[in-house]
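Please read the structure below before turning to the comments.
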Amino acid sequence: MAAKSIISRPVYGTLSPQPGKHHLFIADAEGALAIADMAKTAPDRFFDGAEIVFIPGPDDKHVAALEALKPARFHQAPSFASLLPRLKQTLDNAHMGLRLYLAGTEGLIGQAMQVALDAGIDHTAIQTEHRGSLARRVQCVHCKGITENVTTQPATCSHCGLLLLVRDHYSRRLAAFQGVCINAEDRSEIPPIEEVFR
Amino acid sequence: MSTGTTKLDVVVSDVVPVNELVTRFHFRRRDGELLPTFSGGAHVVVEMRDGDRTRLNPYSLMGSPLDTREYTISIRRDDVGRGGSLFMHRSVRPGLEMVISYPVNLFSLDLRAKKHLMLAGGIGITPFMAQTAQLAGEGGNFELHYTCRTASLGTYADVLQQRYGRRVRLYHDDRGERIDLDRLLSSQPLGTHLYVCGPAGMIGWVRERAAALGWPPETVHFEHFAAPQPGLPFDVTLAISGKTIRVGEQQSLLEAIEAAGVDPPYLCRGGVCGQCETNVIASDGKFIHNDHWLSEEDHRSGCKIMPCVSRFEGKSLVLER
Ligand code: FES
């Protein structure tokens, strides 16, 4: 669980079954386990009205655990980008009564929430649970490029190559943390690079 | 001066009968200036000086927020109520100078919503008059469902239909027409917010169905003007001001405290906003909590009371006021 530091830093909860007719789950990797855990407290036939969209890790781990819940629909995708059009369409056609559950990495939760906010769902109405890697999605404040899966502090911007201090400042609109050049005065100064967001 | 209740000196500029039960009142500022801006859903508290009694009742502003030359409210006559509406209907005439509070909004639109679904029952239509005017001016997406007992008691139904056409749907009790609520709620696009104003029973029904159908509580807004319930007279000691007062049968605890010259905070006078919350220092008797603000636990504890709507029966009551 990520520590709370400054206000914009997202805080995640624990998935719990909500009243409603349609339940949409979006998860990646270990997020599947959050869904499986929640299922233990869900009412009977809860998953009859549920759709699970899952981005498994490289070894297809946890797919069987989700299938065992027998959701009305189950869909797998190789990456968030690949499921984006489908997700947008689902939300565009959805009605009030749809409940959204996001579980897994911060990158997944943040990006899915971004789409949901666009669709008109308030962030307080979305269930989230962080599981698995603490890797961050980071926006370089200088070139605006976004680097996925950042685990080190500082980190190198994959677009402009600057060495970035990854801040806790989080933008819900961009679903990304802000990275600020750490050695602007003297580029030859390279502080020790540590893996901190594992 | 109480929180959020700065006063305005106004003159009644018009009194217009609307139907057998409802009358509309228009107010302008005595100094001829514009009135303060407000947003759809706001109410004002009207001070009624009726002989040696002063009543303060909240009423929704129903005019367009885009026009602040005058404020308009509509009041349904309640023949068995505590007399506020009867006073307005019988004694208020154009030219009368009155005092009203600044507008307060406890029922505002959430402008982030993609669509606004409004449900009104009876005189609960008034806040929607202002909200629809505000949204229409901004090109907002709304739909209004309005239930009334009979066509002739469908206050402003004609005006609304003329203004907004098919965006307004009417239901008449005497024709057995009823909102197909579950269907209506289940067919709303994502990002819709729900607003309901009307009798307590209707609000309870709509909130319960919305919750069961998966509407997050943040998307469901409601307003109910609960008039204080009459009851047995009782005595209260106000610890801070050192006064002992009697609350009459037809008087609310808040009104009695005000009559004693103490100026406690309030906003809604209907048991929903939380402003008037008061600590109980000692009590020997039974509380009659009529508010929607305190939790069940607070009610049971006997340590807090909302004087705008709640009463007491018993030997003694000491409040921190
Ligand atoms: S004045 Fe609002 S709860 Fe009493």
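Observations on the model:
- The single condition among (1) open to solvent by less than 20 Å² (accessible area, probe 1.4 Å); (2) free of Cβ contacts under 8 Å to residues at least 60 places away in the same chain; (3) in contact with a Pro (Cβ under 9 Å, 6 or more places away or on another chain) that B:M48 does not meet is (3).
- Count of residues meeting criterion [at pLDDT 95 or above and within 16 Å of A:F74 (Cβ to Cβ)] in segment A:15-27: 5
- Residue that is nearest to B:T219 (Cα to Cα) [pool: residues in segment A:91-116 that are more than 9 Å from chain B (Cβ to nearest Cβ) and among the aliphatic types (A, V, I, L, M)]: A:L100
- Residue in segment B:196-214 that is more than 20 Å from B:F107 (Cα to Cα), away from every other protein chain (no Cβ under 14 Å), away from the ligand (no atom under 16 Å from the Cβ) and more than 16 Å from the chain's Cα centre (by Cα) present: no
- Test: residue in segment B:281-288 that is crowded, with 21+ Cβ neighbours inside 10 Å and out of contact with any helix residue (DSSP H, G or I) (no Cβ under 8 Å at 6 or more places or on another chain): no
- Single unsatisfied condition, A:E51 versus (1) of a type outside the set (G, A, S); (2) crowded, with 19+ Cβ neighbours inside 10 Å; (3) modelled with pLDDT of 95 or more: (2)
- Flag not set for A:R131, criterion: more than 14 Å from chain B (Cβ to nearest Cβ) and either open to solvent by less than 40 Å² (accessible area, probe 1.4 Å) or without any contact (Cβ under 8 Å) to a residue 40 or more places away in the chain (or both).
- Enumeration of residues in segment A:54-104 that are in contact (Cβ under 8 Å) with a residue 24 or more places away in the chain, surrounded by fewer than 16 Cβ atoms within 10 Å (Cβ to Cβ) and basic (K, R): A:K61, A:R86, A:K88
- Residues in segment A:25-41 that are free of Cβ contacts under 8 Å to residues at least 40 places away in the same chain and either among the charged types (D, E, K, R) or within 14 Å of another protein chain (Cβ to nearest Cβ) (or both): A:D37, A:K40.
- Flag if B:A227 is open to solvent by 50 Å² or more (accessible area, probe 1.4 Å) and within 14 Å of the ligand (Cβ to nearest atom): yes
This table checks each residue for (1) open to solvent by less than 40 Å² (accessible area, probe 1.4 Å); (2) within 14 Å of chain B (Cβ to nearest Cβ).
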site: A:Q127; (1), (2): yes, yes
site: A:I146; (1), (2): no, no
site: A:P154; (1), (2): yes, no
site: A:L165; (1), (2): no, no
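- One residue from A:H142, A:H159, A:H169, A:H123 being within 14 Å of chain B (Cβ to nearest Cβ) and open to solvent by 60 Å² or more (accessible area, probe 1.4 Å): A:H123
- Boolean, B:R311 is in contact with a Leu (Cβ under 7 Å, 6 or more places away or on another chain), open to solvent by less than 50 Å² (accessible area, probe 1.4 Å) and on the phi > 0 side of the Ramachandran plot: no
- Any strands (runs of 3 or more DSSP E) falling wholly within segment B:236-321 and containing at least 1 residues that are among the aromatic types (F, W, Y) and within 16 Å of the ligand (Cβ to nearest atom): B:278-288, B:311-319
- Consider segment B:119-146 and keep the residues that are more than 18 Å from the chain's Cα centre (by Cα) and crowded, with 16+ Cβ neighbours inside 10 Å. The one that is farthest from B:S39 (Cα to Cα) is B:H145.
- Residue match in segment A:14-24 (condition: surrounded by fewer than 21 Cβ atoms within 10 Å (Cβ to Cβ), away from chain B (no Cβ under 14 Å) and under 20 Å from A:H130 (Cα atoms)): yes
- Checklist (1) outside any helix (DSSP H, G or I); (2) in contact with a helix residue (DSSP H, G or I) (Cβ under 8 Å, 6 or more places away or on another chain); (3) hydrophobic (A, V, I, L, M, F, W, C) applied to A:A116, failing item: (1)
- Filtered by the rule that a residue be open to solvent by less than 20 Å² (accessible area, probe 1.4 Å), facing chain A (nearest Cβ under 7 Å) and not hydroxyl-bearing (S, T, Y), segment B:186-195 gives B:Q188, B:L190, B:G191.
- Among the conditions (1) modelled with pLDDT of 95 or more; (2) buried (at least 21 other Cβ atoms within 10 Å of the Cβ), B:T68 misses just one, which is (2).
- Residue match in segment A:81-90 (condition: within 14 Å of chain B (Cβ to nearest Cβ) and touching a strand residue (DSSP E or B) at 6+ places or on another chain (Cβ under 8 Å)): yes
- Pair list, Cβ under 6 Å, 6 or more apart: segment A:182-194 residue in contact (Cβ under 8 Å) with a residue 12 or more places away in the chain, other residue β-branched (V, I, T): A:I193/A:T152
The values are calculated or read from the model by the stated rules, or taken from the named source; none is laboratory data. Model, not experiment: these values are computed from the prediction. So basically every Cβ, Gly included, is an ideal-geometry build from the backbone, and we count neighbours across all protein chains shown. Only protein heavy atoms, including side chains, enter the accessible area calculation; ligands, DNA and RNA are left aside. Shrake-Rupley method; radii C 1.70, N 1.55, O 1.52, S 1.80 Å.
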